[in-house]
1. Identify the residue in region 214-246 that is over 22 Å from the mean Cα position of the chain (by Cα) and basic (Lys, Arg) and, among all such residues, is farthest from Leu268 (Cα to Cα).
2. Can you find, within region 158-195, the residue that is least open to solvent (accessible area, probe 1.4 Å) among those that are hydrophobic (A, V, I, L, M, F, W, C) and touching a residue at least 60 places away in the same chain (Cβ under 8 Å)?
3. Within the group Gly115, Gly150, which residue is free of Cβ contacts under 8 Å to residues at least 24 places away in the same chain, surrounded by 16 or more Cβ atoms within 10 Å (Cβ to Cβ) and small (Gly, Ala, Ser)?
4. Based on what the data block shows, is Lys36 exposed (fewer than 13 other Cβ atoms within 10 Å of the Cβ), part of a strand (DSSP E or B) and without any contact (Cβ under 8 Å) to a residue 60 or more places away in the chain?
5. Looking at (1) assigned to a helix (DSSP H, G or I); (2) more than 20 Å from Arg365 (Cβ to Cβ); (3) touching a Lys or Arg at 6+ places or on another chain (Cβ under 8 Å), which is the one condition that is false for Lys154?
6. Among the residues of region 208-226, is there at least one that is outside any helix (DSSP H, G or I), under 26 Å from Gly361 (Cβ atoms) and aromatic (Phe, Trp, Tyr)?
7. Among the residues of region 46-67, is any in contact (Cβ under 8 Å) with a residue 60 or more places away in the chain, under 30 Å from Leu178 (Cβ atoms), open to solvent by less than 70 Å² (accessible area, probe 1.4 Å) and charged (D, E, K, R)?
8. Just to be sure I understand the filter: pairs with C-beta atoms under 8 Å, separated by 6 or more residues or on different chains, first member in region 340-365 and touching a residue at least 40 places away in the same chain (Cβ under 8 Å) and closer than 25 Å to Lys288 by Cβ, second member of a type in the set (Val, Ile, Thr) and open to solvent by 30 Å² or more (accessible area, probe 1.4 Å). Which pairs pass?
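The values are calculated or read from the model by the stated rules, or taken from the named source; none is laboratory data. Keep in mind that this is a model prediction, so the values were computed, not measured. Positions of Cβ are backbone-derived with ideal geometry, glycine not excepted, and every protein chain shown enters the neighbour counts. Accessible surface areas use protein heavy atoms only, side chains included; no ligands, DNA or RNA. Shrake-Rupley method; radii C 1.70, N 1.55, O 1.52, S 1.80 Å.
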Amino acid sequence: MKKTIFSVLMLLPFVVAAQKSYTISGKLPAVKGQAKAYLVLLRNNAWKEVDSTEIKAGKFQFTGSVDEPQSAMMVVKRKGAAGPAWQRDSQGFFIENSKIAMVGADSISNAQITGSIADSEDREREAMIKPVTAQIIKLQNEYGKKAADGSYVKSLEERKMAGDSIQKLVAKNKDISLKFAESHLNSFMGLYTFNMYVLDSKFEASKVEPLFHRFSAALKSSPLGQRTAEKIEIGKRRQAGAKATDFTQNDLNDKPFTLSSLRGKYVLVDFWASWCVPCRAENPNVVKAYNALKGKNFEIVGVSLDYPGGKAVWAEAVKKDGLPWIHVSDLKGWKNEVAVMYGINSVPQNLLIDPQGIIIGKNLRGEALTEKLKELIK
């Protein structure tokens, strides 16, 4: 008998993993009057309402299925509530094909969610980074304060010191996520954490790829695993030593420009946008570097992530900031084809390419930009 029970227990994880649908059971006994619950899923980077049901006697239920665990929100709307009530009564969670329970009093935002392994593990990781994130927010609020006239309360030197501290805290959070991923190699949330927080906007493909191969074969072959492998391959295109992938985009005069036309020169490919405040703040440093090196077989190509209809604003920013180099864009915002090709999802960023078309540096920033370029360009 004991042997039979043991065998059943051993099979339990596989039974759970094989479940092909979800059931979400909600209990909010103190909800009064007419109210509805809405299930909202993140689809193609946009929230989409996929199901709704009335809350009767404080209870509601949803059934369905998802291809893999994913971000979701449960929203409660009450009849007669003023304004966008869902913003005031909602809770995010990870939905998966399992039996999920949401139990609270009169608000879904304070309900306890159980039954989703992915959600439970995500909350575990969130708890680990919460203290560090709180320090980041505190520094941003304190050193980002402005007076009535729009000037910063803190001095430039103080803000730079705070910025350095914030960068260290951001790195600390990334290290927490890295360790979480390393300790959850058989878990969807382990791979999700790796994909989202370890493969950040500036990850080094050669450094992080070995960890990806430590995840289980099932995870690596999953849809998330395939997206993660693709993300790493794209990241390889911008790492030092890689041959720069060629591209062609129109310049400000609507003339096509091709990167390889500059072969034989050192080229700084600068990803920026007119709407990007840090980019505009960095532009004086880039101008300084250009003026110091423009006669030394050096050129800059600015790739703008401005949006459709934004050509005039883009051109005005180039003129106002005094950027006398080559500028191109397809005006597709974050979907700029060059940015997508190189996996650029934050700006400013840049790549330095040598005369043979090989990437030899990236993300050269700040007042030391000119000195760094001089070291690389002999």
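1. Step by step, filter region 214-246, then rank; the result is Arg214.
2. Met189
3. Gly115
4. Numbers: exposed (fewer than 13 other Cβ atoms within 10 Å of the Cβ): no; part of a strand (DSSP E or B): yes; without any contact (Cβ under 8 Å) to a residue 60 or more places away in the chain: yes.
Here the answer is no, as Lys36 does not meet what is asked.
5. Among (1) assigned to a helix (DSSP H, G or I); (2) more than 20 Å from Arg365 (Cβ to Cβ); (3) touching a Lys or Arg at 6+ places or on another chain (Cβ under 8 Å), the lone unmet condition for Lys154 is (1).
6. Checked region 208-226: no residue is outside any helix (DSSP H, G or I), under 26 Å from Gly361 (Cβ atoms) and aromatic (Phe, Trp, Tyr).
7. For region 46-67, residues in contact (Cβ under 8 Å) with a residue 60 or more places away in the chain, under 30 Å from Leu178 (Cβ atoms), open to solvent by less than 70 Å² (accessible area, probe 1.4 Å) and charged (D, E, K, R): absent.
8. Close Cβ pairs satisfying both conditions: Tyr342/Ile234; Tyr342/Thr245; Leu352/Ile360; Ile353/Ile360; Asp354/Ile360.
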